[in-house]
Amino acid sequence: MIAGVLTTALLALAPVYGQGALKERQENQKDRIKAGVKDGSITKVEAAKMKQDQKEIKGDIKAARADGLVTGKEAAKITREQNKASRDIVKQKRDKQNQK
């Protein structure tokens, strides 16, 4: 039952994701990484790893859009990747490691 509701919701969101929401979220995450490097809460090594993750997500977005439509399944996968990346950014900003 819940899976059906979630699938329906994701399919309804697919056109929204095709309109730039995925890219906007990517830009937002890049800005958060840059801010963390600037204030010293994210080390350069951590930032390099997170930037690589962002690059991989960007590739997934590009592949999903290749046929002109981001499906609900593709949007869900990308959203999971972006959620993990977001959690990683928060974790690294709070881990008390500072740039030297």
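The values are calculated or read from the model by the stated rules, or taken from the named source; none is laboratory data. What you see is a predicted model, and the numbers here were worked out from it, not measured in a lab. Every residue, glycine among them, receives a Cβ derived from its backbone with ideal geometry; neighbour counts consider all protein chains shown.
Taking the options ASP53, ASP67, name whichever one is in a helix (DSSP H, G or I) and not hydroxyl-bearing (Ser, Thr, Tyr). Explain how you work it out, then say what you get.
Values: ASP67 fails: in a helix (DSSP H, G or I).
ASP53 is the lone residue from the list that is in a helix (DSSP H, G or I) and not hydroxyl-bearing (Ser, Thr, Tyr).
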*asked:* Every residue in region 56-88 that is touching a helix residue (DSSP H, G or I) at 6+ places or on another chain (Cβ under 7 Å) and of a type in the set (Gly, Ala, Ser), please.
replied: ALA64, GLY72, ALA75, ALA76, ALA85, SER86
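Please go through region 70-79 and give me each residue that is outside any helix (DSSP H, G or I) and among the polar types (S, T, N, Q), ordered by number. So that I can check it myself, show each step before the final result.
Of region 70-79, the ones outside any helix (DSSP H, G or I) are 70-71.
Once the filter is applied, which keeps residues that are outside any helix (DSSP H, G or I) and among the polar types (S, T, N, Q), region 70-79 yields only THR71.
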*Could you give every pair whose Cβ atoms fall below 6 Å, whose first residue belongs to region 80-99 and is in a helix (DSSP H, G or I) and modelled with pLDDT under 95, and whose second residue is among the acidic types (Asp, Glu) and surrounded by 14 or more Cβ atoms within 10 Å (Cβ to Cβ), counting only separations of at least 6 or pairs across chains?*
GLN92/GLU46
_Residues (aliphatic (A, V, I, L, M) and either part of a loop (DSSP other than H, G, I, E, B) or within 23 Å of GLY20 (Cβ to Cβ) (or both)) located in region 40-50_ = ILE42, MET50
_In region 67-88, residue nearest to the chain's Cα centre (by Cα) [restricted to those that are surrounded by 18 or more Cβ atoms within 10 Å (Cβ to Cβ) and under 16 Å from GLN52 (Cα atoms)]_ = GLN82
*Taking the residues in region 31-66 that are surrounded by 12 or more Cβ atoms within 10 Å (Cβ to Cβ) and β-branched (Val, Ile, Thr) as candidates, determine which candidate is modelled with the lowest pLDDT.*
ILE61
